[in-house]
């Protein structure tokens, strides 16, 4: 039952609620709900997929935030009550937030897990390769892949990135940094 249903039910049974008391009741209910949600999140921990980030809203402004093992998870602070948790490697670590007086305002476990969908792991002998299938299966690098396949995939990705950067640099120098490149033999002057 939502809060407005509770208010209407209270009015139906003869209890009159002024606008001010309704707002106070609403604010108190929201406060309790947020507090319970935060307590459940703290007790249950926080889960994020590897190579993904999730927003974490803190109950109070934090002056310092930290994780136990930055190789598993890392945090980016976007405001005193908003941090993003990035899953770096599989495993479990902890998150702690402190206020300006050094008092702990939040602490819980962070579990970094494998992606929940679209990932296929192919195991052949002692080797492993990972594919992301959305909708077509493409090779991706993942922890646990055999080192030769991992190195080849990283080198190919770096080669593609270097080629794209080179093409972008060539394009911008030909046009003085503005607009798309006009193909060879084409003219940019208007003809009548």
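Computed from the coordinates by the stated procedures, all read-outs in this text should not be read as laboratory data. Please read all numbers here as calculations on a predicted model, not as lab measurements. Don't worry about glycine lacking a Cβ; one is built from the backbone with ideal geometry, like all the others, and counts go over all protein chains shown.
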**Study point:** Matching residues, region 56-100, being out of contact with any strand residue (DSSP E or B) (no Cβ under 6 Å at 6 or more places or on another chain), exposed (fewer than 13 other Cβ atoms within 10 Å of the Cβ), over 18 Å from residue 111 (Cβ atoms) and free of Cβ contacts under 8 Å to residues at least 24 places away in the same chain
**Key:** 78, 79
**Study point:** Filter pass, residue 143 being more than 30 Å from residue 61 (Cβ to Cβ) and not in a strand (DSSP E or B)
**Key:** yes
Study note, to complete from the structure: Of the residues in region 122-138, those that are in contact (Cβ under 8 Å) with a residue 12 or more places away in the chain and either touching a helix residue (DSSP H, G or I) at 6+ places or on another chain (Cβ under 6 Å) or not in a strand (DSSP E or B) (or both) come to 126, 129, 134
Check your understanding: Does region 101-121 hold any residues that are part of a strand (DSSP E or B) and surrounded by 15 or more Cβ atoms within 10 Å (Cβ to Cβ), and which are they?
Key -> 105, 106, 108, 109, 110, 111, 112, 119
